[in-house]
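Okay, so here's the structure we're looking at.
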Amino acid sequence: MKDPINHVKLEKIIEHSEDIRSFILDANFQSQPGQFTMVWLPGVDEKPISLSAPNMITVKKVGSFTEKLFEKKQGNYLDIRGLV
């Protein structure tokens, strides 16, 4: 059985460079280094992404999934599965 999918609000987006961003989430995951969450973009795909902080993922734009993720704005939502 899959973990339930949770709608998590993007509190803030930090642009480190043209192709690297951190997405600060309105959630605090109980995680350990090396753990990840599944990020789902409906109609696009679902990818495992490691947490860079208890409420943050940091992503490099490298393909179609991350290109769509980079279209998200502060206040939008991501669908998250696992560690919630």
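The values are calculated or read from the model by the stated rules, or taken from the named source; none is laboratory data. Everything numeric in this text was worked out from a predicted model, so none of it was measured. Every residue, glycine as well, gets a Cβ built from its backbone with ideal geometry; the counts of neighbours run over all protein chains shown. Remember, those area values only see protein heavy atoms, side chains included, never the ligands or the DNA or RNA. Shrake-Rupley method; radii C 1.70, N 1.55, O 1.52, S 1.80 Å.
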If we keep only residues of region 29-63 that are in contact with a helix residue (DSSP H, G or I) (Cβ under 8 Å, 6 or more places away or on another chain) and of a type in the set (A, V, I, L, M), then the residue farthest from Arg81 (Cα to Cα) is Val59
For region 17-52 the number of residues that are touching a Phe, Trp or Tyr at 6+ places or on another chain (Cβ under 8 Å), without any contact (Cβ under 8 Å) to a residue 40 or more places away in the chain and β-branched (Val, Ile, Thr) is 2
Taking region 69-83 and keeping only residues that are surrounded by fewer than 16 Cβ atoms within 10 Å (Cβ to Cβ) and more than 20 Å from Ile14 (Cβ to Cβ), one is left with Asp79
Test result for Ser50, more than 20 Å from Glu71 (Cβ to Cβ), open to solvent by less than 90 Å² (accessible area, probe 1.4 Å) and not basic (Lys, Arg): yes
Exactly one of Thr37, Thr66 is open to solvent by less than 30 Å² (accessible area, probe 1.4 Å) and touching a Gly at 6+ places or on another chain (Cβ under 7 Å), and that residue is Thr37
Counting only residues that are surrounded by 11 or more Cβ atoms within 10 Å (Cβ to Cβ) and over 14 Å from Gln74 (Cβ atoms), region 17-27 contains a total of 3
